[in-house]
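Okay, so here's the structure we're looking at.
The values are calculated or read from the model by the stated rules, or taken from the named source; none is laboratory data. Because the structure is a prediction, the values reported are computed rather than measured. Glycine also receives a Cβ, built like all others from the backbone with ideal geometry; neighbour counts cover every protein chain displayed.
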Amino acid sequence: MSSRENVAIHQLLALLEARYALRVLWSLRDGHAQTFRLLQDSVGGITPNTLNTRIKELREAELLTHGSDGYILTPSGTDLLKRLNDLQAFAGKWTVAQAKKAAAKQSEKAAEPAAGAPPAEHPTSTHPDKPTGTPTATPPGSPHE
């Protein structure tokens, strides 16, 4: 990848990384124009000031425009979302994989002894005069053989 291509990608990512930028674009993906208020409701949780700022940035980047019925994606915005559409399929697969990973961790935790519980003892001695854990076998050559 050339230096010029890297700069272009970094600029686009910087624009899209701005809070709510992708959500604003995603809310317009169906091709229907939305008024400011409807767009704010579609994005959810965005303040009017933040939405105004994102709209201004996305309009300057020629990814959305304002028509007679409200805000709508430009052809470049539509093209970008088509290219990002693969993220939806990826996100679905990724979410399933993350859920499986979390379930596996939960299963591992459930199989472990409780924290603070004493370890289970495995006696190696059945001799009444020797404490548990002491081997009962006498080594070869010892006087008690």
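Points to keep in mind about this one:
- Long-range neighbours under 7 Å by Cβ, at least six apart or interchain, first residue modelled with pLDDT of 90 or more within region 1-21, second assigned to a loop (DSSP other than H, G, I, E, B) and surrounded by 11 or more Cβ atoms within 10 Å (Cβ to Cβ): LEU15/ALA61; TYR20/ILE46
- ILE72 vs. criteria out of contact with any Ser or Thr (no Cβ under 9 Å at 6 or more places or on another chain), at pLDDT 95 or above, surrounded by 10 or more Cβ atoms within 10 Å (Cβ to Cβ) and aliphatic (A, V, I, L, M): no
- Output for region 1-38, where each listed residue is part of a helix (DSSP H, G or I) and among the polar types (S, T, N, Q): SER3, ASN6, GLN11, SER27
- Residue in region 86-101 that is at pLDDT 90 or above, over 30 Å from ARG29 (Cα atoms), surrounded by 10 or more Cβ atoms within 10 Å (Cβ to Cβ) and of a type in the set (A, V, I, L, M, F, W, C) present: no
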